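**Q** There's a structure below that I have some questions on.
The values are calculated or read from the model by the stated rules, or taken from the named source; none is laboratory data. Just so you know, these numbers come straight off a predicted model, no measurement behind them. Virtual Cβ from ideal backbone geometry, glycine too; neighbours counted across all protein chains shown. The protein model used for the area step is the full one, side chains on, heavy atoms only, and it has no ligands, DNA or RNA in it. Shrake-Rupley method; radii C 1.70, N 1.55, O 1.52, S 1.80 Å.
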Amino acid sequence: MREPAFWYRLRSPESQILRPLGALYGAITARRMAREGFDAGIPVICVGNYHVGGAGKTPTVLALTKLLRELGETPVVLSRGYGGRLQGPVMVDGARHTAADVGDEPLMMARDVSVAVARDRLEGVALAKSQGATVILMDDGFQNPRLLKDASLIVIDSERGLGNGRVFPAGPLRAPLQGQLARTDALVLIGDGRAADGVAAEISARDKPVLRARLKPDPALLAQLVGKRVFAFAGIGDPERFFRSLHASGIEVARTRPFADHHMFSQEETAALAADAQREQLTLVTTEKDLARLRGRKDVPDGIVPFAIQLEFDEPAKLKQLISDHLYKARERRFASR
């Protein structure tokens, strides 16, 4: 689905009408979050968000993967494989799986880290441990109580914030905010916006760290696009953020076309994109996640450029200390309970 515009307006009749449904949904989710989770036996770090839609979880997971390896750990990402047909548990293999099998995000991440896809998270834990995991990185699942989490890092796009602050379907929140704040161990604000300053202040008041980070494009990619006019398209949680990133990187964006999150492109759509780009002499550019859904298809236009990005933290030493502390406490707790 595409996020409704009224989620990001402070007052709207649509949101007001849906408030009772939001209150019911929020109460059910809050009660569910309060359940005690299963102890995986190894540290579990969850990268989640308070709201539905995109915020930057995937680049955060990949940045944490790199950090954990620097700390001598063997991380395995645990994902539900949203959009994929396989129930799992299965380790993602880019040579034989497609996005239709395991989902676009797991397929994209599997180029850099071992990814276990499982609808049942406990089965996913068992598979990850069989692969030698010393740490499990949960991609999403903050509101899911199935697993005990040793640390939960919440990602927010600082340009968008949390919209009207109401619970789905009246707003974008997955659960009442105060209950989610109480379970947060650190906040990751992506970008230079101010829309999430209020949430950051609440987290800081709880004596929890707020980390700022920015999405940086690959320098070789930028050199490849210098002097070209591009046609950007994306089917992610927030396509406009992608388009803004292109503009901010100095790329001349002549046309854009947004699609719904995890959109499965039809043959007619790919043909139309190619025809429009050729007619106007534009270079097609999309996200790595979108390209993961297009790989292996014969109808995909040649020359689509994936806009590769990585997340850079303003204070990497602070992040490293945070993760190290949580790993130490997780292992100390398990040792003491033997």
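**Q** Residues in segment 293-324 that are assigned to a helix (DSSP H, G or I), in contact with a strand residue (DSSP E or B) (Cβ under 9 Å, 6 or more places away or on another chain) and over 26 Å from S152 (Cα atoms): how many?
**A** Qualifying residue count, segment 293-324: 1.
**Q** Let me ask something else. Report, by residue number, each residue of segment 119-130 that is modelled with pLDDT under 95 and within 26 Å of R295 (Cβ to Cβ).
**A** Matches in segment 119-130: R119 only.
**Q** Follow-up question, since we're still on this one. If I filter segment 241-266 down to residues being open to solvent by 60 Å² or more (accessible area, probe 1.4 Å) and part of a strand (DSSP E or B), which single residue comes out as farthest from E105 (Cα to Cα)?
**A** Here the answer is E252.
**Q** Return the total of residues in segment 105-161 being farther than 9 Å from L78 by Cα, in a loop (DSSP other than H, G, I, E, B) and hydrophobic (A, V, I, L, M, F, W, C).
**A** Counting residues in segment 105-161 that are farther than 9 Å from L78 by Cα, in a loop (DSSP other than H, G, I, E, B) and hydrophobic (A, V, I, L, M, F, W, C) gives 5.
**Q** Looking for something touching a Pro at 6+ places or on another chain (Cβ under 9 Å), closer than 29 Å to I251 by Cβ and not β-branched (V, I, T) - is there at least one such residue anywhere in segment 322-336?
**A** No, segment 322-336 contains no residue that is touching a Pro at 6+ places or on another chain (Cβ under 9 Å), closer than 29 Å to I251 by Cβ and not β-branched (V, I, T).
**Q** Something else now. Does G88 fit the bill of being more than 30 Å from A336 (Cβ to Cβ) and either open to solvent by 50 Å² or more (accessible area, probe 1.4 Å) or not in a loop (DSSP other than H, G, I, E, B) (or both)?
**A** In short, no.
**Q** Then there's this: Of everything in segment 273-304, what is surrounded by 13 or more Cβ atoms within 10 Å (Cβ to Cβ), over 21 Å from the mean Cα position of the chain (by Cα) and among the aliphatic types (A, V, I, L, M)? Give them in sequence order.
**A** L273, A274, A277, L282, L284, V300, I304
**Q** It is to be established whether one or more residues within segment 17-35 are part of a loop (DSSP other than H, G, I, E, B) and open to solvent by less than 30 Å² (accessible area, probe 1.4 Å).
**A** No, segment 17-35 has no match at all.
**Q** So, one more: Restricting attention to segment 43-67, which residues are in contact with a Phe, Trp or Tyr (Cβ under 8 Å, 6 or more places away or on another chain) and either part of a helix (DSSP H, G or I) or over 27 Å from S114 (Cα atoms) (or both)?
**A** The answer is A63, and nothing else.
**Q** Same structure, new question: Go through (1) under 23 Å from G161 (Cα atoms); (2) at pLDDT below 95; (3) among the hydrophobic types (A, V, I, L, M, F, W, C) and name the single condition A200 misses.
**A** (2)
**Q** Going by what's in this entry, would A40 be described as surrounded by 15 or more Cβ atoms within 10 Å (Cβ to Cβ), in a loop (DSSP other than H, G, I, E, B) and touching a Leu at 6+ places or on another chain (Cβ under 7 Å)?
**A** Yes, satisfied.
**Q** Test of understanding: among A30, A23, which residue is in contact with a strand residue (DSSP E or B) (Cβ under 8 Å, 6 or more places away or on another chain) and either polar (S, T, N, Q) or in contact (Cβ under 8 Å) with a residue 40 or more places away in the chain (or both)?
**A** When all the criteria are applied, what remains is A23.
**Q** Can you tell me which of (1) touching a helix residue (DSSP H, G or I) at 6+ places or on another chain (Cβ under 8 Å); (2) within 16 Å of V155 (Cβ to Cβ); (3) not in a strand (DSSP E or B) is the one L211 doesn't meet?
**A** Failed condition: (3).
One line per residue, one yes/no per condition, for (1) closer than 16 Å to Q131 by Cβ; (2) at pLDDT 90 or above; (3) under 19 Å from the mean Cα position of the chain (by Cα):
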residue: A55; (1), (2), (3): no, no, yes
residue: T60; (1), (2), (3): no, yes, yes
residue: K66; (1), (2), (3): no, yes, yes
residue: R80; (1), (2), (3): no, yes, yes
residue: P89; (1), (2), (3): yes, yes, no
residue: G94; (1), (2), (3): yes, no, no
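**Q** Please go through segment 225-240 and give me each residue that is buried (at least 20 other Cβ atoms within 10 Å of the Cβ) and under 22 Å from the mean Cα position of the chain (by Cα), ordered by number.
**A** A232, F233, A234, G235, I236, G237, P239
**Q** It is to be established whether one or more residues within segment 181-193 are open to solvent by 30 Å² or more (accessible area, probe 1.4 Å), in contact (Cβ under 8 Å) with a residue 60 or more places away in the chain and within 20 Å of Y328 (Cα to Cα).
**A** yes
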